[in-house]
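Dropping the structure in here first, questions after.
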Number of protein chains: 2
Amino acid sequence: MLFKFRPDRPRWVQVAEVIRDRIEAGDYGPGQPIPSEPAMVREFGIARTTARKATAWLREEGLIYTVPSLGSFVHGG
Amino acid sequence: MLFKFRPDRPRWVQVAEVIRDRIEAGDYGPGQPIPSEPAMVREFGIARTTARKATAWLREEGLIYTVPSLGSFVHGG
DNA sequence: AGATATTTGTTCGTATGTATC
DNA sequence: GGATACATACGAACAAATATC
């Protein structure tokens, strides 16, 4: 079942908020990976460019860090 | 420092002129790439659609050619 | 050593909607 | 109405690094 987007805000914002909430809930612990871009594409039914915008926002917020070719990980590990 | 646009002409024209001048000055040699669309977005502080209009104009002028997924390059290499 | 799969980085192509002049 | 300009969002392709088999 794909994520239900609201029409009032951009999709990349809503995806970023879901991931952020999961991080704060402890679903992804410190040093552990968040869903990869292809995983977000599958789970939310979005384009990769949209997944990348969500990831970039989480990175700018300081919640995650990204290692090329490996993935993005929660800070604090 | 972002480019200072004049209000009298379209932005895409002014961007195209800057790139054209650089090509004629030899900043980008034959066969070498001009700034990508994302690079123009960063350098000039414009939208991608505006960068694309500038690139399209340079292409129609015969100054460059574009290879999808790779970039745009100065003619004559 | 070699081949394959995964992931991020980057690019262009296209379309839609909104706003402004 | 038309041209300009922005943001969003889809898709496709290529590249490079990493990990695994």
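None of the figures in this text is laboratory data; all of them are computed from the coordinates on show. Here the structure is a predicted model, which means the values were calculated and not measured. With ideal geometry, Cβ positions are generated from the backbone for all residues, glycine too; neighbour counts draw on all protein chains shown.
I'm checking my understanding of the structure. Among residues of region A:1-50 that are closer than 17 Å to A:Val74 by Cβ and within 11 Å of DNA strand C (Cβ to nearest atom), which one is nearest to the other protein chains (Cβ to nearest Cβ)? Spell out how you get there, then give the answer.
Going residue by residue through region A:1-50, those that are closer than 17 Å to A:Val74 by Cβ are A:15-37, A:39-40.
Applying the additional criterion that residues be within 11 Å of DNA strand C (Cβ to nearest atom) yields A:33-37, A:39-40.
On the way: A:Pro33: 26, A:Ile34: 24, A:Pro35: 24, A:Ser36: 21, A:Glu37: 17, A:Ala39: 24, A:Met40: 21 Å.
Per the criteria, the residue is A:Glu37.
Being more than 10 Å from DNA strand D (Cβ to nearest atom) and over 23 Å from B:Pro38 (Cα atoms) is true for just one of A:Arg59, A:Arg20. Which residue is that? Steps first, please.
Numbers: A:Arg59 fails: over 23 Å from B:Pro38 (Cα atoms).
Of A:Arg59, A:Arg20, the one residue that is more than 10 Å from DNA strand D (Cβ to nearest atom) and over 23 Å from B:Pro38 (Cα atoms) is A:Arg20.
What tally of residues in region A:11-38 results from selecting those that are part of a loop (DSSP other than H, G, I, E, B) and in contact (Cβ under 8 Å) with a residue 24 or more places away in the chain?
Residues in region A:11-38 being part of a loop (DSSP other than H, G, I, E, B) and in contact (Cβ under 8 Å) with a residue 24 or more places away in the chain: 7 in total.
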